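The numbers here are math on the coordinates, done by the rules we state, and not lab data. All values reported here derive from a predicted model rather than from experimental measurement. No Cβ is skipped: glycine too gets one built from the backbone with ideal geometry, and neighbour counts run over all protein chains shown.
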């Protein structure tokens, strides 16, 4: 597992998007470099755009399924060249041990993206993304990651 920016003592990388299309494109750049074993955590308030971000990740990873918020089903699967598992911890108590949800097994061959990651026990994520609304369709998105994910975020 690559160390995140915080673990290396670097500040997260911040981008501001002006609408859903920009958020999708930014996330798709990350999705294109995901590899099995990556576990991304997404944080932010209700309506911040976490599911829109996941839609971009799925597109970048090459899956074609329609992304929906898994709040009521907890776990959605998007198959493609790289299978992406989309978990939503919104309805669960803080301190969730992702082992109880089978995440260790999923990471052996797939990618896992977790909305409401702040509710999970620490130590699971290769990257964290915090999405904050700034009014209208503007979003401030901060990525805490290292290596190829950091490079993909900064590429144009």
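Please arrange 26, 82, 74 by how many other C-beta atoms lie within 10 Å of their C-beta, fewest to most.
74, 82, 26
Which of 104, 93, 22, 115 has the fewest other C-beta atoms within 10 Å, and how do the rest follow up to the most?
93, 104, 22, 115
Fewest Cβ neighbours within 10 Å first, please rank 35, 100, 51 accordingly.
Going from sparsest to densest Cβ surroundings: 100, 35, 51.
If a/c stays under 1.5 just call it rounded; otherwise compare a/b with b/c (prolate if a/b is bigger, oblate if not). Do that for the stretch 63-103, with a ≥ b ≥ c from the square roots of the Cα gyration tensor eigenvalues.
oblate
For a label point 7 angstrom out from the Cα of residue 46 toward its Cβ, which stretches of the stretch 65-99 have the backbone nitrogen within less than 18 Å?
69-74, 88-94
Report the calculated FRET efficiency for residue 140 and residue 99 (r = Cβ-Cβ distance, R0 = 35 Å), to the nearest 0.05.
0.65
Which residue fluctuates the most in the chain, going by a Gaussian network model with Cα springs under 10 Å, if the choices are 53, 125, 72?
Of 53, 125, 72, the most mobile in the Gaussian network model is 72.
Between residue 154 and residue 18, what length comes free when the chain is fully extended (0.36 nm per residue of separation minus the Cα-Cα distance, one decimal in nm)?
Full extension from residue 154 to residue 18 adds 47.2 nm.
Give the distance, in whole Å, between the Cα centre of the stretch 33-76 and the Cα centre of the stretch 81-124.
Centre-to-centre (Cα) distance: 11 Å.
Could you run the Debye sum over the Cα atoms of the chain, one equal point scatterer each and no solvent, and tell me log10 of I(q)/I(0) at q = 0.12, 0.14, 0.15 Å⁻¹, two decimals?
Per q value, in the given order, log10 I(q)/I(0) is -0.44, -0.61, -0.71.
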